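The values are calculated or read from the model by the stated rules, or taken from the named source; none is laboratory data. Every value quoted in this text rests on a predicted model; they were computed, and no experiment measured them. Ideal geometry is used to build each Cβ from the backbone, glycine not excepted, and the neighbour counts take in all protein chains shown. For accessibility, only protein heavy atoms count, side chains too; no ligands or nucleic acids. Shrake-Rupley method; radii C 1.70, N 1.55, O 1.52, S 1.80 Å.
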Number of protein chains: 2
Amino acid sequence: MSDACDFRGLLERHQVRVTPLRLAVLEALGSASRAFRVREILAHIRRRRRVHKVTVYRILEDFSQRGFVRKIPVEGKAARFELACEHHPPHPHFQCRACGEVECLEPVPLEQVWQELRGPLGHRADRLEIRVAGLCRRCRRARGEP
Amino acid sequence: MSDACDFRGLLERHQVRVTPLRLAVLEALGSASRAFRVREILAHIRRRRRVHKVTVYRILEDFSQRGFVRKIPVEGKAARFELACEHHPPHPHFQCRACGEVECLEPVPLEQVWQELRGPLGHRADRLEIRVAGLCRRCRRARGEP
DNA sequence: AATTTTTTTCAACCAAGTTGCAAAATATCA
DNA sequence: TGATATTTTGCAACTTGGTTGAAAAAAATT
Ligand SMILES: [Mn+2]
Ligand SMILES: [Mn+2]
Ligand SMILES: [Zn+2]
Ligand SMILES: [Zn+2]
């Protein structure tokens, strides 16, 4: 789980003032190698201190703008957030249709897809997201399927 | 766009009773080759008759379950819906970061990506979604960029 | 026609996310 | 140092998208 990341340094490098809350948000995101709901981040932080949800929303918004946090749209209403620093390059995600959980997958080479997509596009495209949907192992077993 | 689709037949083939509202939802979805917000579908239908939003939500939910409508998660809280009949095979989508608009892109071959993704996955994956993000032409021009 | 089943509506609710502004904390400068 | 400006956080109130349960309306079945 990315103990490798130096959060303090990350903030400084991006010219963002280091505050306890900003650090706490990064630590929450770094606490597991997956994408978190805001409410999970809040819960994580609140084990140690008090925060207001607005603050966390604003911090996450700011970090995504600056590009060192990724906001991942998924099925259902709560978006997910994950670290996007050097240690966490873009990668596809799997989402279970039944329980809604999101799992990070290994990066896949996308040059080919990019090529097909970028060419004919009149837009400036700068990000490619892949989402795989299906039934996760747990949910499949819970239904008695092999 | 897609006058080719026989909505009445589509419903019958899927053993869904044909009702004016269900037809109206399909017609709204078929009215342009793009993915719609629920509120857009509502507006479209309301030009001719009255509907309650709950009904449309339930119809869309039902249709997506049955697989002839696709629900597309995007950035922002309102999901998009589009036809998923024979005439509308799966394809990537482009979403503008500035205005939020979603545009359908031409299908791309994904065997390669599927292969990489399906193999190591302990899950039953049955759907692969691609979302390209960036700045659309209009928004780019509006900012004075070439 | 009477009964059952399906479809649509209504009212009330919930959760995620946003807004404007005040309070607190932190930085800057006299 | 203390006074002032700036940044960060918190609070309350709100908006938007979507959901729930049960009643009313419509349609199918007998
Ligand atoms: Mn991830
Ligand atoms: Mn589409
Ligand atoms: Zn699952
Ligand atoms: Zn745009």
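With the requirement that a residue be basic (K, R) and assigned to a loop (DSSP other than H, G, I, E, B), what does segment A:88-146 give you? A:R97, A:R143 - these are the residues of segment A:88-146 that are basic (K, R) and assigned to a loop (DSSP other than H, G, I, E, B). Selection within segment A:49-65: residues that are open to solvent by 40 Å² or more (accessible area, probe 1.4 Å) and within 14 Å of chain B (Cβ to nearest Cβ). The member of this set that is nearest to DNA strand D (Cβ to nearest atom) is A:Y57.
Taken over segment A:83-94, the criterion of being more than 11 Å from ligand 1 (Cβ to nearest atom) and either open to solvent by 50 Å² or more (accessible area, probe 1.4 Å) or closer than 19 Å to A:E145 by Cβ (or both) is satisfied by A:E86, A:H87. Scanning segment A:77-95 for residues that are within 16 Å of DNA strand D (Cβ to nearest atom), within 8 Å of chain B (Cβ to nearest Cβ) and in contact (Cβ under 8 Å) with a residue 24 or more places away in the chain yields a total of 1. Just wondering, is there one or more residues in segment B:36-44 that are within 16 Å of ligand 4 (Cβ to nearest atom), open to solvent by less than 70 Å² (accessible area, probe 1.4 Å), aliphatic (A, V, I, L, M) and under 13 Å from the mean Cα position of the chain (by Cα)? Scanning segment B:36-44 turns up no residue that is within 16 Å of ligand 4 (Cβ to nearest atom), open to solvent by less than 70 Å² (accessible area, probe 1.4 Å), aliphatic (A, V, I, L, M) and under 13 Å from the mean Cα position of the chain (by Cα). Quick check on segment B:22-35. Is at least one of its residues within 16 Å of ligand 4 (Cβ to nearest atom) and surrounded by 13 or more Cβ atoms within 10 Å (Cβ to Cβ)? Checked segment B:22-35: at least one residue is within 16 Å of ligand 4 (Cβ to nearest atom) and surrounded by 13 or more Cβ atoms within 10 Å (Cβ to Cβ).
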